1. Can you find a residue that is among the charged types (D, E, K, R) and in contact (Cβ under 8 Å) with a residue 40 or more places away in the chain anywhere in region 13-24?
2. What are the pairs, 6+ residues apart or on separate chains, where a residue within region 44-64 that is touching a residue at least 24 places away in the same chain (Cβ under 8 Å) and farther than 14 Å from Ile33 by Cβ has its Cβ under 7 Å from a residue that is of a type in the set (D, E, K, R) and crowded, with 20+ Cβ neighbours inside 10 Å?
3. Let me confirm something: among Val64, Val85, Val29, which residue is part of a helix (DSSP H, G or I), hydrophobic (A, V, I, L, M, F, W, C) and either modelled with pLDDT of 85 or more or within 16 Å of Ile100 (Cβ to Cβ) (or both)?
4. If you scan region 226-246, which residues turn out to be part of a loop (DSSP other than H, G, I, E, B) and of a type outside the set (S, T, N, Q)?
5. For region 154-176, check the following and say yes or no: at least one residue is of a type in the set (Lys, Arg) and modelled with pLDDT of 90 or more.
6. Looking only at region 183-225, count how many residues are in contact with an Asp or Glu (Cβ under 8 Å, 6 or more places away or on another chain) and part of a loop (DSSP other than H, G, I, E, B).
7. Exactly one of (1) modelled with pLDDT of 85 or more; (2) among the β-branched types (Val, Ile, Thr); (3) farther than 28 Å from Glu22 by Cα is unmet by Ile97. Its number?
Amino acid sequence: MNANENIFFKRFDGTVRKIFFEDKDKYIVLSWIIFRTNYQEEYQGLKRNECYFSYSVVEKECSVSRGKLQKILLELEKENFIVWVHKSKVRHTQSIIYLIENEQYGKQYGTQYGKSYSKNVENTSVKVNYNTVNSMVANTVNNTSSRNISKNISRNNNIYSLIFENWISKNIKKHRSLTNDIKKAIDKTLKEFTKDEILEAINNYSVMYNDKSYKWCDYQWGLQEFLLRKDKDGIRQLGMFLNDGSKQANYESWKKEREHNANTNRFAKRDRGVFNEDSENIRIELPKQEHRHYTNEELEALGID
């Protein structure tokens, strides 16, 4: 048994070997940690019994799923095999695990023997693992960044198309194509309003503009101008066309007043029509009444003077 082999043997005591028969995935993960732990005082940025750890690397090298791996690590913590020195809270950055120096480790082979052999022996796996973890982290970051960029581009293109096509469908002012200037206007507007608010404002403006009876919204704007236009006080006009905006409130009030006036005119016209129809042919005849004349004697008999 050479020195490099001796630095590991004390870690595989009866407790560790028992795990092999209970949960092979757990045994493989714990073995991975043991073989990649630093056993010198300090090496490759690690203190004694520390190990660089990456979920992505372990998943790949141990052929274990993320969910299973998380479960295994929780069990190893509870069973006092490991503790986290640094658990990265940011994705794609490496963590550090501390492999606990259990007195039971190597007891049957001699704890002091294990310590004496491992004290100054370089574990080359640490360096290999360090490079592997860093490489995996870097590649994951780059790949994720590329995917995120692609997702952002795709998402933005979808929003551009949605807003542009919605505008074209409202019969306000046609545009031949979705230009970069329009995209920039959409980007700028999205910093202040949500996508749904932009669509809501466009819809309300189109209803007002296409209502030929409404004389207070006959201005024909293009999409870019509609998105960026401000009033004399520097207030974005788009917000005024939202459901709770002043222009929408004015339009709703106007519609109610128009409906009220229409109902009043309709009832008045209907009443006059019924009253005036063939009125020249109407003849009012009062019922004939007969009047009896009483004599003085009859009135006196009735007690009427």
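1. Yes, there is a match, as at least one residue in region 13-24 is among the charged types (D, E, K, R) and in contact (Cβ under 8 Å) with a residue 40 or more places away in the chain.
2. none
3. Val29 is the lone residue from the list that is part of a helix (DSSP H, G or I), hydrophobic (A, V, I, L, M, F, W, C) and either modelled with pLDDT of 85 or more or within 16 Å of Ile100 (Cβ to Cβ) (or both).
4. Arg229, Asp231, Lys232, Asp233, Gly234, Ile235, Leu242, Asp244, Gly245 - these are the residues of region 226-246 that are part of a loop (DSSP other than H, G, I, E, B) and of a type outside the set (S, T, N, Q).
5. Checked against the condition, which is being of a type in the set (Lys, Arg) and modelled with pLDDT of 90 or more, region 154-176 yields no hits at all.
6. 1
7. In the conditions (1) modelled with pLDDT of 85 or more; (2) among the β-branched types (Val, Ile, Thr); (3) farther than 28 Å from Glu22 by Cα, Ile97 misses (3) alone.
The values are calculated or read from the model by the stated rules, or taken from the named source; none is laboratory data. Remember, predicted model here, so these are calculated numbers, not experimental data. Backbone-built Cβ (ideal geometry, glycine too); neighbour counts: all protein chains shown.
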